[in-house]
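What follows is a short report on a single structure.
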2 protein chains.
Amino acid sequence: MDKIRVIEVKKSVYANNDLEANENRDLLKKQNTYMMNLMSSPGSGKTTMLVSTIERLKEKIKIGIVEADIDSDVDAYSISKTGVPVNQLHNGGMCHLDAGMVREGLSDLGAKDLDFVVIENIGNLICPAGYDLGQNLNCMILSVPEGHDKPLKYPKMFTKVDCLIISKVDTVSVFDFDFKALEKSVRKLNPNIKIFPLSAKTGEGMDTWCEYLLNKIESWKQ
Amino acid sequence: MDKIRVIEVKKSVYANNDLEANENRDLLKKQNTYMMNLMSSPGSGKTTMLVSTIERLKEKIKIGIVEADIDSDVDAYSISKTGVPVNQLHNGGMCHLDAGMVREGLSDLGAKDLDFVVIENIGNLICPAGYDLGQNLNCMILSVPEGHDKPLKYPKMFTKVDCLIISKVDTVSVFDFDFKALEKSVRKLNPNIKIFPLSAKTGEGMDTWCEYLLNKIESWKQ
């Protein structure tokens, strides 16, 4: 296994995040690379879901992953076992990624040869919602153990994402999770959101999610 | 049930958080009120653990709770059913509480008549770690479903807290949670941390936790 490349990133010296995000978007369009910004709480299962998604799609499209973390590279190691290119951004304790940091990750990854790049954002349901990275798709994960009341508590995140993955559905018998209540409060904030209940552990729901994702990527690339 | 008092708070106009935190500390000392700052990820079970703690201690000491949230009051309603005074801070989307916000919550709560106040911070493993609120005890919750690798990923939080509650231990058979690995990585960051595995649902570990807490409060108050 190759050593993971770690890139130390800092808050951009240019204060205009939206401008930098648009530059990322233009660059990715030119390269024909679709980018997803993946956000969630700590421990919702972002990396496990990503590994499962990569295994299903890696023979069909060229995938690369930018992992972000404060100070570790455990997730990047997990991803690297799938064989797809991955690097690790360390942002020194910041609570979100900005567009400039993502640019560094993309540049290191050689995103120009890739069909699909995922930015695994810092585990945080608040701060990342305020930063456009230049992504084509904003996706968040809510895990069953976190509870169905989270849209009431973190409304901005639920309002801004295009799709919501409900992860760890294999544990639903252990927790008091009300899918109907969740859907009702999410749709109140975001009527057009796509919702994908799944378990990366058992595989339940993974095919539906991967089919959606592949369609999004392929229709964008045409 | 009384209507929950909601206090809209903003970032303090005074930039010196440490100064305000010290003022909180002085005020609480004068009032003989012990304050705990409770931090965790979203959905780790802060409120459920608090309700269970209050039920065990409310006949012994006078307790009050300050709930913080971006925009909801579901947690404050859950707490209010225990009969102890509670109010709800809304901080308009900020990712942490600061000492000035806490002062407003304490003032509304009438903390001078209370032995013990808990500040339930915003669900976030990063930003709250950077703000002294004037507390006597910093406590964090890590829930079993979040995984044992979190100290590697959120080192600052694990380094600064006095005690760590591992919640939802009743679900350990469903998740791949390695207590030994967790303890090893936590103690590397914070050798003197107290660790309390518990389940508010089954009651396991709750007595040990409450005994520790009561001892802390009573020995401080002497």
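Worth pointing out:
- Computed from Cα positions, the angle between helix B:99-109 and the longest principal axis of chain B comes to roughly 70 degrees.
- Neighbourhood net charge (12 Å Cβ-Cβ; Lys/Arg +1, Asp/Glu -1) for B:D170: +1
- The tail of the calculated P(r) for the range B:1-115 beyond 16 Å holds 61 percent of all Cα-Cα pairs.
- With a cut-off of 10 Å between beta carbons, the residues surrounding B:I65 carry a summed charge of -3, where Lys and Arg count +1 and Asp and Glu -1.
- In terms of other Cβ atoms within 10 Å, A:V9, A:V144 run from fewest to most in the order A:V9, A:V144.
- Adding -39500 (n - 2.57) for every DSSP H run of four residues or longer, then dividing by how many residues the protein assembly as shown holds, sets the calculated 222 nm ellipticity at -11000 deg cm²/dmol.
- Residue and distance (whole Å) for the chain A Cβ nearest the axis that superposes A on B: A:P145, 2
- For the range A:99-166, diffusion coefficient by Stokes-Einstein and Kirkwood Rh (Cα), 25 °C, 0.890 mPa s, µm²/s: 183
- Couplings for the range A:71-87, taken from phi via the Karplus curve 6.51 cos²θ - 1.76 cosθ + 1.60 with θ = phi - 60°, read 7, 10, 9, 4, 5, 4, 5, 4, 5, 4, 5, 6, x, 7, x, 8, 9 Hz in order; Gly and Pro are left as x.
- Sparse-neighbour loop sites [trypsin sites (Lys or Arg not before Pro); the range A:8-61; at most 11 other C-beta within 10 Å; DSSP]: none
- Built amide H within the under 5 Å cut-off of B:L97, gap 5+: B:I122
- Counting, for every residue in B:66-75, the Cβ atoms of other protein chains within 10 Å of its Cβ and taking the mean gives 3.
- According to the Kirkwood relation over distinct C-alpha pairs, the hydrodynamic radius of the range B:141-222 is 13.4 Å.
- Sites listed here are GluC sites (Glu not before Pro) in the range B:140-222 whose DSSP assignment is loop and whose Cβ has at most 13 other Cβ atoms within 10 Å: B:E204.
- Cβ-based net charge around A:P155, under 12 Å, with every Lys or Arg adding one and every Asp or Glu removing one: +2
- Expressed as a fraction of 2.2 N^0.38 Å, the value expected for a compact globular protein of N residues, the C-alpha radius of gyration of the protein assembly as shown is 0.98.
- Residues in the range A:40-46 carry Karplus couplings, in order, of 4, 5, x, x, 7, x, 4 Hz; the curve used is 6.51 cos²θ - 1.76 cosθ + 1.60 with θ = phi - 60°, and Gly or Pro positions show x.
- Dipole in debye (nearest 20) - the protein assembly as shown, about Cα centre, beta carbon charges: Lys, Arg +1; Asp, Glu -1: 40
- In a DSSP loop and with at most 13 other Cβ atoms within 10 Å, the GluC sites (Glu not before Pro) in the range B:57-105 are B:E59.
- Counting only lysines at least 8 places from A:K58 when in the same chain, those with an alpha carbon closer than 24 Å to its own are A:K3, A:K29, A:K30, A:K46, A:K81, A:K112, A:K168, A:K194, A:K201, A:K216, A:K221.
- Folded to 0 to 90 degrees: helix B:179-189 orientation relative to chain B principal axis, Cα: 50
None of the figures in this text is laboratory data; all of them are computed from the coordinates on show. Computed from a predicted model, the values in this text were never measured in an experiment. With ideal geometry, Cβ positions are generated from the backbone for all residues, glycine too; neighbour counts draw on all protein chains shown.
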